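Participant: One structure is given below, represented as structure tokens, and several questions about it will come after.
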Amino acid sequence: GSVIDAAKGVAILSGNGGHILDYAGVDQVVQPIPPTVMVPSTSGTGADVSQFAIVTDTTQHIKISIVSRTLVPDISVIDPRLLTTMPEWLNAATGLDALTHAIEAFVSRAHNPLTDNHALYAVKLITGNLVRTQVQPKNVAARLAMAQAALEAGMAFTNAILGATHAMSHQVGGLLDAPHGVVNGVLLPHVIRFNAEAWPERFVALGAAAGLPTAGVPPREVAGQLADLVRALADDLGVPKSLASLGVAGGDVPVLARTTLKDACMATNPRDVGLRDVEQLFREAL
């Protein structure tokens, strides 16, 4: 994903000039870019089908989001055999990233019936196959399923956008250069519980897609079980339980929270989020 985003950055400057940080935000790339052909070697980021490019500002130690329809690649070539070359940590990180894409796209303010279908199918495929790819790296069926899942999740979030998990994760990644998907795996359960307080019904279909029993179960309880399932999946993949274990300190929270609110992904979070809310989420994840 990082390599593909770097290619997108080169294409932006080739067609538009200036400095890459000038294009932060939505629809700031106004001139066409050269044709792009992407070949993903991981099963998670969705960069090969998305209108996003994430760039690290190494001076401010933050990640910025560039969102533009011009960034959707012209051609994407997906070969599941490439996925067998990933080390375990990258397989875990990118798989959790794809799961986060699917869940956040489904509950996004900008979701629609088409993105819903992509998101739910991605959740089903990931929860059923990600651990299999970790313990059986050469399992062709599992790799094919994860390649499909990453594509489905990418199609979902490029159209429905994301939410607070990604907005927060970008800041942690910019500060520490920590693996994006690993940070997502730590944050996502906390954000699920937070968003479910405002819109618990939206998490029922997600729980069902993940294999949870939902008939007669209160929506908020389903959301809580989904959060627990995500954490259990992260445990199975060896992902740390806390941001502190990744190097985040309590003193970092105020700055992280302020920059989170500026991230483009926050606009489509299903629940309104204030500075104190973000600070509390970060502290819970510590």
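The values are calculated or read from the model by the stated rules, or taken from the named source; none is laboratory data. Not measured: the values here are computed from a predicted model. Glycine also receives a Cβ, built like all others from the backbone with ideal geometry; neighbour counts cover every protein chain displayed. For the accessible areas, the whole protein counts, side chains as well, though only heavy atoms, and no ligand, DNA or RNA atoms are used. Shrake-Rupley method; radii C 1.70, N 1.55, O 1.52, S 1.80 Å.
Participant: What is the range 132-279's relative contact order, in percent, from Cα pairs under 8 angstrom and six or more apart in sequence?
Facilitator: That works out to 30 percent.
Participant: Shifting gears a bit: Which shape class applies to the range 142-188: rounded if a/c is under 1.5, otherwise prolate when a/b exceeds b/c and oblate if not, where a ≥ b ≥ c are the square roots of the Cα gyration tensor eigenvalues?
Facilitator: Details: a/c = 2.77, a/b = 1.57, b/c = 1.77.
Here the range 142-188 falls in the oblate category.
Participant: Please give the per residue accessible area of the range 116-264, computed with a probe of 1.4 Å over protein heavy atoms only, in Å². Intermediate values should be presented prior to the final figure.
Facilitator: Values: 5550 Å² over 149 residues.
Heavy-atom accessible area per residue stands at 37 Å².
Participant: Report, in deg cm²/dmol and to the nearest 500, the calculated mean residue ellipticity at 222 nm for the chain, where each DSSP H run with n ≥ 4 adds -39500 (n - 2.57) and the sum is divided by the residue count.
Facilitator: Helices in the chain give a 222 nm mean residue ellipticity of -17500 deg cm²/dmol.
Participant: Further, regarding this structure: Using +1 at the C-beta of Lys and Arg and -1 at the C-beta of Asp and Glu, which of T214, A160, H118 has the Cα lying farthest in the positive direction of the dipole of the chain?
Facilitator: Toward the positive end, the furthest listed residue is T214.
Participant: In Å³ and rounded to a whole number, note down the convex hull volume per residue for the Cα atoms of the range 77-127.
Facilitator: 88
Participant: Something else now. Roughly how big is the chain's charge dipole about its Cα centre, with Cβ charges of +1 (Lys, Arg) and -1 (Asp, Glu), in debye to the nearest 20? Please list the in-between numbers first.
Facilitator: Details: 19 positive and 25 negative charges, 53 e Å.
Using Cβ point charges on Lys, Arg, Asp and Glu, the chain gives about 260 debye.
Participant: Sticking with this one: Assuming a viscosity of 1.002 mPa s and a temperature of 20 °C, what translational diffusion coefficient in µm² per second does Stokes-Einstein assign to the chain, Rh being the Kirkwood radius over Cα pairs?
Facilitator: Numbers: Rh = 18.6 Å.
The calculation lands on 115 µm²/s.
Participant: Let me ask something additional. P(r) for the range 176-286: what percent of alpha-carbon pairs falls in each 10 Å bin, starting at zero?
Facilitator: For the range 176-286, the pair-distance distribution reads 14, 42, 35, 9, 0.
Participant: Ok, one more. Heavy atoms only, probe 1.4 Å: what % of the accessible area of the chain goes to carbon and sulfur, would you let me know? Could the numbers behind the result be given before it?
Facilitator: Details: 6740 of 11790 Å².
Using a 1.4 Å probe with all protein chains present, the chain comes out at 57 percent carbon and sulfur.
Participant: Got the relative contact order for the range 36-147 handy, in percent, Cα pairs under 8 Å and 6 or more residues apart?
Facilitator: 28
Participant: I've got another one for you. Using all alpha carbons of the range 31-153, what is the percent of pairwise distances in each 5 Å bin, ordered from the shortest bin to the longest?
Facilitator: Bins of 5 Å from zero give 2, 12, 19, 21, 19, 15, 8, 3, 0, 0 percent of pairs.
Participant: So what's the range 83-168 giving for Cα Rg divided by 2.2 N^0.38 Å, two decimals?
Facilitator: Dividing the Cα radius of gyration by 2.2 N^0.38 Å gives 1.06.
Participant: Follow-up. Relative contact order (percent) for the chain, with alpha-carbon contacts under 8 angstrom and 6 or more residues of separation?
Facilitator: For the chain, the relative contact order is 19 percent.
Participant: For a test of the definition: using alpha carbon positions, the gyration tensor, and the 1.5 limit on a/c, classify the range 1-81 as rounded, prolate or oblate.
Facilitator: Because a/c hits 1.5 or more and a/b fails to exceed b/c, the range 1-81 counts as oblate.
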